[in-house]
There are 4 protein chains.
Amino acid sequence: MDTKYDDSVLGRARVQDTPELEAYYAELNKLGAGALWTVANDIEPWEPRPSSVPMLWRYEDLRELVLKSSELVTPEQAGRRVVYLVNDKRRDVSAAVGWLYTGIQVTRPGESTSAHRHKASALRFIMEGEGGYTVVDSNKIMLEVNDFVITPNSTWHEHGVEEGGKTCIWQDGLDIPLVNALEANDYAVFDGKQPLEKPINYSPLTYGGAGLVPADQEWNKPYSPLFKYSWKQVYPALQDAAKVKEGSPFDGILMHYTNPVTGGHVMQTMGASIQMLRPGEHTKAHKHTGSFVYQCAKGKGYSIIGGKRFDWKERDIFCVPSWVYHEHVNLSETEDACLFSFNDLPVIESLGLYQEKAHPEGHQKIEQ
Amino acid sequence: MDTKYDDSVLGRARVQDTPELEAYYAELNKLGAGALWTVANDIEPWEPRPSSVPMLWRYEDLRELVLKSSELVTPEQAGRRVVYLVNDKRRDVSAAVGWLYTGIQVTRPGESTSAHRHKASALRFIMEGEGGYTVVDSNKIMLEVNDFVITPNSTWHEHGVEEGGKTCIWQDGLDIPLVNALEANDYAVFDGKQPLEKPINYSPLTYGGAGLVPADQEWNKPYSPLFKYSWKQVYPALQDAAKVKEGSPFDGILMHYTNPVTGGHVMQTMGASIQMLRPGEHTKAHKHTGSFVYQCAKGKGYSIIGGKRFDWKERDIFCVPSWVYHEHVNLSETEDACLFSFNDLPVIESLGLYQEKAHPEGHQKIEQ
Amino acid sequence: MDTKYDDSVLGRARVQDTPELEAYYAELNKLGAGALWTVANDIEPWEPRPSSVPMLWRYEDLRELVLKSSELVTPEQAGRRVVYLVNDKRRDVSAAVGWLYTGIQVTRPGESTSAHRHKASALRFIMEGEGGYTVVDSNKIMLEVNDFVITPNSTWHEHGVEEGGKTCIWQDGLDIPLVNALEANDYAVFDGKQPLEKPINYSPLTYGGAGLVPADQEWNKPYSPLFKYSWKQVYPALQDAAKVKEGSPFDGILMHYTNPVTGGHVMQTMGASIQMLRPGEHTKAHKHTGSFVYQCAKGKGYSIIGGKRFDWKERDIFCVPSWVYHEHVNLSETEDACLFSFNDLPVIESLGLYQEKAHPEGHQKIEQ
Amino acid sequence: MDTKYDDSVLGRARVQDTPELEAYYAELNKLGAGALWTVANDIEPWEPRPSSVPMLWRYEDLRELVLKSSELVTPEQAGRRVVYLVNDKRRDVSAAVGWLYTGIQVTRPGESTSAHRHKASALRFIMEGEGGYTVVDSNKIMLEVNDFVITPNSTWHEHGVEEGGKTCIWQDGLDIPLVNALEANDYAVFDGKQPLEKPINYSPLTYGGAGLVPADQEWNKPYSPLFKYSWKQVYPALQDAAKVKEGSPFDGILMHYTNPVTGGHVMQTMGASIQMLRPGEHTKAHKHTGSFVYQCAKGKGYSIIGGKRFDWKERDIFCVPSWVYHEHVNLSETEDACLFSFNDLPVIESLGLYQEKAHPEGHQKIEQ
C-alpha cells in the first residue's frame, strides 16, 4: 500500500468495534440496514480496483479445439458454435475481462446460423477463412481476414459461410456481462432467415468513402451505419499515418474505428481500435480505466501487463484489465506489428469515469 | 415461464451432455475457455433479469437508530455517520437496488465533516432539520426539508449543520456500487476544510431562474451548474403542471430534475425526479429497465411492486428494481402525495438499454 | 485609419490601373467576370464593418402615433397594426439594425388578428395593457407587462386582447430582413382562428419550473418549449443574481433567456437577454459582432454607442450595431435599471463569427 | 401569380392610401418609423424569393483570360491573382449566387502568395496543373486535379506551385459576401511565410482513413480536420455507391464531403458535395432553399435551371439560386458525369430555413 493511502487519516472510517456497536449493527441488520463506516473503506477504494487478471490465450492451443467443436455440435444445436475465453477471476459472469465477453466462432462452408437479436451488442474480427458473411438487419456483408464488423444492440443478425468457401473462424466480442449486470438484456429469435433488403455489402459501399456520406439518406440510429471496416482500407490508413506521425508514446500508431456520421465510437457500449507498432517499437507503460481485449492481427511481440510478460503472435488474444499498467513491444526489427482491440470505453467515457496515469518510471519491471 | 420463451426452439442452445463433450469441456477449462452453448441460455435471458427485490424501509423504524449513531460514533471516526439501506439480494455490493447505494445521514448542530471526493457521484434529499449545509467545490449551499442537492463525480464536498440549527437528517444516494463494478472509483481526502470561493447559495441564486442562464460565464462541466433544487420552487412547479396536465398514466405529474444548460439529467450516472399523485390517484402498472430508489416527500399511499403492496408515508424509502411492474396509489382523497426518486437512467439511456412495457391488464393483482 | 491597417502592405491588392488592364477588365466584364484585385480590399475589410447607425426611438414620441394607428386602420385591413422602426441606413431592407426588424403593435380590447405563419421568427416584449394574449400553435398564452414571448419559425400565431382588457402595446422583433436576405422566407394564412388544443398557459405552466422538465413528453423542435418568460419570475431571478454576483464589467447582471431543454438560445435565429444595471452602475465599453435592439424595461439611464450618448427611460427602444463600442449607465443612485434586448447572436455564433473587443481605455469619449 | 397567393385575402395588408394616411406616414418617417402595412406584403413574400439568376461560365471562354492575368499582374501586387465570377443580379456584393463568391485563381510554377487570414471561409477545387500546394495553419498540402481542399474561418493560408510543377488553376469558393453582410469579416496578413509544423500532407494522411480517427489527439475546432478530399479516394467511393444505390431522383449519386469527427458539413458556413450522373441519367426537377455553385469535374451534359438549359462540360461553372427548379442530364450514354458543388447549406440548415419541393410534373419545360 502506498503510504499516501493510509486509512488512519481523517476522512476515512476509523471506528473500532465494541460490544455496544455490535449490538447496534445486529439491530440495523434486522431492518435491512447497516452502518456505512463498517464497509466504507472497502467500497470507497483509493484507486480504481480491477476484478480481472491479465491473461493471454494462444491460438495454437485453441485452434484445434475450436475446429473440433464443429465435429461435436451443429450450429442448430449450439445456437452459436463458439469457444469462449474466460478470465480466471470472472468465471461467475463468463467475462474475458471486466464486463466484456469474447469467444472464437467456427463456421464450415455451407453452414449458417438462424437469426436472433438481443440488447447486448456484438462485434467480430475475422481470423481465417473465405466466403464468410454476416447479415445485419437484412444487410449481407462479406467478410475477409482482419475485417472488423459490428452487430449493434437489437439488430437482427446471423452468419454463415458460402458453399464454396473455406472454414471461417472469427473472434466475437460482446457486452453480454455488462448488459446482464445492468439488468437490461433480452433475446428474440427471428422466424427463419432474414430477407435481404439491400445489395450485398450495401453498408460498406455507401458509407466506406473517407470523408463522404450519402446525401440522400438520414441515419439516426445510435450506432455506425458502416458495418464493416475492411482491412484493405484500414491497413493502408495505418501505413499513411505512420509516415507522418510520431504516434502515442503508449500505443504507437493508434486509431479508433469510428461512426462516420458522429466521429464517435462505433456502438454505444463497445469501442474498437487498431494500432501499429513500428519495427522495434517498445512503448511506454501507462494505465487507465476501461477493459480491453486484444487480438494480434499481424506480426509478433509481447506486452508487459501488470508486471508480467505475455508473448503474442498473429491470432493470439489477450486482455488488459482496468487500471493495470501495460506496454507493448514489437519483436521484429523490420516488420510492423498490428493489434486489434475492443473495449468498454464508450461506457467509461459517457459516464465520466475515464482516467489515465503514465508509469512514473516509463517502463515496468518484469516480475519473475 | 411464458410459453413464448421456450429454450427448445431453434436459436437457443440445445446440446445434451455426452462423455465426449464432457471431456472436451474439461480440456477447454484447462485453457481458460469454455463452450458457449453450456452457458448461452443463462447469459442470454429472454427478458431483462433483475437481481434485486422490492423493499421498503419505514422511517419510523429507522429514525431512532439513525439518531443513535450520533451517540455511538463521531463524524471524525466514521468519516460519514450514515445508516445505509441494503437490498436483501445485493448485500455483496452494499446496494439498495441494482447498483445504487442509499443511506441516511445524521448531523448534529455544530458538527461538520472533513472534505473528500471520489469518482462516484452523490445526491441528497433533506428529511428533517434546520441549518444544514453542504459545501461542493467551495460553494456553500444551505439545505431545507425536501430540497434536492447534488455532489457530482470528483467534486470536493463536505457537510455540516450550523451551531444554532437543529439536528439534520438527509438521504444520501450514490452510485458507488456501479462505479466499483466498472472498476473506476477512487478517493481523496482534502487537507482541512474547503475555502469558500463564492457567496453562500451562489449556485442556486445564479442558475435558479426558470429559463434564464447567466450570460457572463461558461459552464462546460458534465453536470448541472444548479446544485440545489429548492422545494420552495419545485412544489409550486408541480402544482402549476397539475393545473393543466393530465400527466402520465403510470406516474401522475412526473418531472425530471434537469441540468439547465443541457435539459438533460443532473449528473452523468444518476438522475432524479419528483412526482405528484393527485388526490385519489391510482396509476397504471408498467415496468422498465433502470433501478429506482424512492422517498415519500409528502402524503401517504402505497405502491404495488412486483405484485406486493408496500405502504408508505412521509420519509419512508422504497425501491423498484429493473423490469419489475409497479404502480402507485395516493390514499388521500383530498391531499396530493409527492414521491422523490433517484435512478440510474442516465446510464441506461446513454448505453441504449432503456425499454418499457405497460402491464397488459392495466393493474397488477396483489399477491397474498 | 489605424496605422496597422495599411493597404500598401504585401498581402493587400496594390495594382495600379493601366490602359491594358482597363481593356482586360472590360473583357472580363462581358463574360460576367471581374478581376478580384479591383474589389478585394473593399470586400475584405480589416475589421467587421457595420452598415447600420446607432439610433434611439423615444416612446413618448411614438406612443400617440402608435395609438393613432388603431383609429386609422383595422387589424383586418392591416394584417398587423404595427409602427415599425427603421434604421437610417437600412431603409432598403426595413431593418432597425443589421438584419433585425422591430415594430410596435397596438391591439384594443376585443380585437384579435387572423392567424398566419412564416419562416421568419418573431418575439414580443409587452409594453403596456391588460388582457393581451397570443396563440402559438394552438396554445393560448396570457401576456403581462415586461413578459417576453416567442413565436418561432413556422408556428401558427395570432394575437388579441380580451373584451374586458385594456389596450395592449408590445414590441415585436423579427428576423424578416435576414430570412429575406437568405432567400428563404415564406408566408401562409390560417383559415380562421386556431382551435385551442391545450389549457391556457399550458407552456409556461409545464416548462416554467426552474431546473425541471416534464418527464412524460419529448420535445424535439428546434426552439424553446417555454413560450413565455414571465417578468414575475425574471425580475426576482435578476435580484437573486445581483445578491451574489459581480456581474459582467460590460453589462452588469446579464442573463440570456434560454431554451430549458438545451440551455441554448430560445430560437435558431434570434436570442434575447435581460440585464440589470445596479444603482449608479456605469459599465465599461466593448464591441462585438452581432446586432442588438434594446428596450428599457425599468428605470432610466443612458448608453454611449459609437461615441454618442443616447438617454433612455422606460419603454424607449434603441439599437447597437455590430462592432460598435457601447457602454451603459444607470442614472439612479437608488433604483436598478433593466434593459431587455434581442439579437442575432444565434446566427453569429452558429456560423463561427462572434468576436469581441474591450475598449482599450475602458470608456469612450462622448462626441460633441 | 399562383391563385392561392392572393394579397386580397384576410391576413395580408390591404390598406388603401388616403390623404390622412399619407400625412400619418410622413409623421412616422420623421421619427425613423413607418407603417408596417405599407411594406408587409413585400417583406413577407408567399414563397422564398431569390435575388440571383441562373448563370453558366464556360471555361473555354475564361481560361485564356485567367492565364493572361498571370502576365498582367504579380501575386505580390494582386494579393491573389483571381478572376471572379459575378452574378448579373449580385454585382453589388460581388457574389456568384446568393451570398457566395467564386473565382478562378492561377499560379505559375515557382510562384507563391503571402499568408493571410479572415473570418470568411474558403475552399478550392483543383482544375488543372501539377505541383500546386496550399498551406493551412502551417500544414502544407499537395493538390491534384479534382481534389477538394478547405481553408476554414480564421486559418492562416497561402498557396503556391513548386518550381518543377505546371501552371495551376483552381476554383476558389468563399462566403465573403455573407460574412460581410453579417458585418463580421476581418483580415490580417501574416508576417512572411508560415513555418511548417507538420510533415507534408499531415492532415489527409492522418484523417483520410475511412471510419478511422487518430486516437491520440483531440480535435475541437468547428471545422473538419481533414483539409483535403482527394479525387483518388472520392471517385472510387462514387463508383462503389453507384454499384448498390438507386440514388436520389433529383441528384443521382450525391455525397456530401463531411467532417470525419462530426459527420457534418466541412465548415460552419459552406458545405460541398460531389455527385455522379450515371450514363444517360436525367434527374427529376426540384427546388429548395440554399445557393449552389457547380463545377463539372468529369463528362458533359446540361442542367435545366429555372426553365433554361445550360450545357456544361468539364471545368464549366454554373450556379443554381435558392428556390429555383433544377434538374441535371448526363449526355453520354456510356460515361458517367460528375459535378462538384459548394453551397451555403450549413447556414440554411443551422438557422432552420431549409425547405424543398419536387416539381409537380417531374420535369420543367424548357423556355425558348
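Annotations for the structure displayed:
- If you go through region D:86-134 and keep only what is more than 30 Å from C:W323 (Cα to Cα), out of contact with any Phe, Trp or Tyr (no Cβ under 6 Å at 6 or more places or on another chain) and aromatic (F, W, Y), you end up with just D:Y133.
- Checking C:G211, C:G192, C:G280 one by one, the residue that is surrounded by 18 or more Cβ atoms within 10 Å (Cβ to Cβ) and at positive phi is C:G211 and no other.
- All of B:S230, B:S203, B:S224 fail the test of being touching a His at 6+ places or on another chain (Cβ under 9 Å) and among the hydroxyl-bearing types (S, T, Y), apart from B:S224.
- Any hit, region D:129-139, residues being over 20 Å from the mean Cα position of the chain (by Cα), within 30 Å of C:L178 (Cα to Cα) and not in a helix (DSSP H, G or I): no
- Pairs where the first residue, in region B:278-297, is farther than 19 Å from B:M55 by Cα and the second is of a type in the set (D, E, K, R) and part of a loop (DSSP other than H, G, I, E, B), C-beta under 8 Å, 6+ apart: B:R278/B:D336; B:P279/B:E333; B:P279/B:E335; B:P279/B:D336; B:G280/B:E333; B:T283/B:D251
- One residue stands out in region A:5-39 among those that are at the interface with chain B (Cβ under 7 Å from one of its Cβ atoms) and of a type in the set (K, R): the one that is surrounded by the fewest Cβ atoms within 10 Å (Cβ to Cβ), namely A:R14.
- Each residue in region A:49-86 was checked for being more than 7 Å from chain B (Cβ to nearest Cβ) and within 19 Å of A:A181 (Cα to Cα), and 1 of them qualify.
- Qualifying positions in region A:87-137 - crowded, with 19+ Cβ neighbours inside 10 Å, away from chain B (no Cβ under 12 Å), under 22 Å from B:L10 (Cα atoms) and in contact with an Asp or Glu (Cβ under 6 Å, 6 or more places away or on another chain): A:V135
- Strands (runs of 3 or more DSSP E) fully within region C:143-193 counting 3 or more residues that are within 20 Å of C:L339 (Cα to Cα): C:148-151, C:157-174
- Against the numbered list (1) assigned to a strand (DSSP E or B); (2) farther than 22 Å from C:D186 by Cβ, C:R117 comes up short only at (2).
- Failed criterion for B:I305 (all others in (1) surrounded by fewer than 17 Cβ atoms within 10 Å (Cβ to Cβ); (2) away from chain A (no Cβ under 14 Å) hold): (1)
- Here is the figure for region B:81-116: residues that are of a type in the set (D, E, K, R) and under 19 Å from the mean Cα position of the chain (by Cα) total 5.
- Per the conditions (1) surrounded by fewer than 22 Cβ atoms within 10 Å (Cβ to Cβ); (2) over 21 Å from the mean Cα position of the chain (by Cα), the sole criterion not satisfied by A:G160 is (1).
- Whichever residue in region A:324-368 is in a loop (DSSP other than H, G, I, E, B) and among the hydrophobic types (A, V, I, L, M, F, W, C) and, among such residues, is surrounded by the fewest Cβ atoms within 10 Å (Cβ to Cβ): A:I366
- Number of positions in region C:180-219 that are more than 14 Å from chain B (Cβ to nearest Cβ) and in contact (Cβ under 8 Å) with a residue 40 or more places away in the chain: 13
- Just one of the listed residues (B:G160, B:G165, B:G131) is free of Cβ contacts under 8 Å to residues at least 40 places away in the same chain and of a type in the set (G, A, S), namely B:G131.
- If you go through region C:35-67 and keep only what is within 20 Å of C:D311 (Cα to Cα) and either β-branched (V, I, T) or touching a Leu at 6+ places or on another chain (Cβ under 6 Å) (or both), you end up with C:V53, C:W57, C:D61.
- Leading residue by the ranking (surrounded by the most Cβ atoms within 10 Å (Cβ to Cβ)) among those in region A:40-78 that are in a loop (DSSP other than H, G, I, E, B) and among the aliphatic types (A, V, I, L, M): A:V73
- If you go through region C:117-137 and keep only what is within 30 Å of D:R49 (Cβ to Cβ) and either modelled with pLDDT under 95 or among the charged types (D, E, K, R) (or both), you end up with C:R117, C:K119, C:R124, C:D137.
- Leading residue by the ranking (farthest from D:P214 (Cα to Cα)) among those in region A:254-271 that are touching a strand residue (DSSP E or B) at 6+ places or on another chain (Cβ under 9 Å) and among the β-branched types (V, I, T): A:V261
- For D:Y187: the one exception among (1) buried (at least 19 other Cβ atoms within 10 Å of the Cβ); (2) over 30 Å from D:L67 (Cβ atoms); (3) out of contact with any helix residue (DSSP H, G or I) (no Cβ under 8 Å at 6 or more places or on another chain): (2)
- So C:Y235, is it over 17 Å from C:F342 (Cβ atoms), facing another protein chain (nearest Cβ under 10 Å) and buried (at least 18 other Cβ atoms within 10 Å of the Cβ): yes
- Any pair with Cβ under 8 angstrom, 6 or more apart, that starts in region A:58-84 at a residue that is on the phi < 0 side of the Ramachandran plot and ends at one that is exposed (fewer than 15 other Cβ atoms within 10 Å of the Cβ): A:L65/B:E27; A:L72/B:E20; A:R81/A:T74
- Screening the candidates A:M270, A:M276, A:M255 for the property of being away from chain D (no Cβ under 14 Å), closer than 30 Å to D:G263 by Cα and not small (G, A, S) yields one hit, A:M270.
The values are calculated or read from the model by the stated rules, or taken from the named source; none is laboratory data. From a predicted model like this one, the values you see are computed outputs, not experimental measurements. Glycine also receives a Cβ, built like all others from the backbone with ideal geometry; neighbour counts cover every protein chain displayed.
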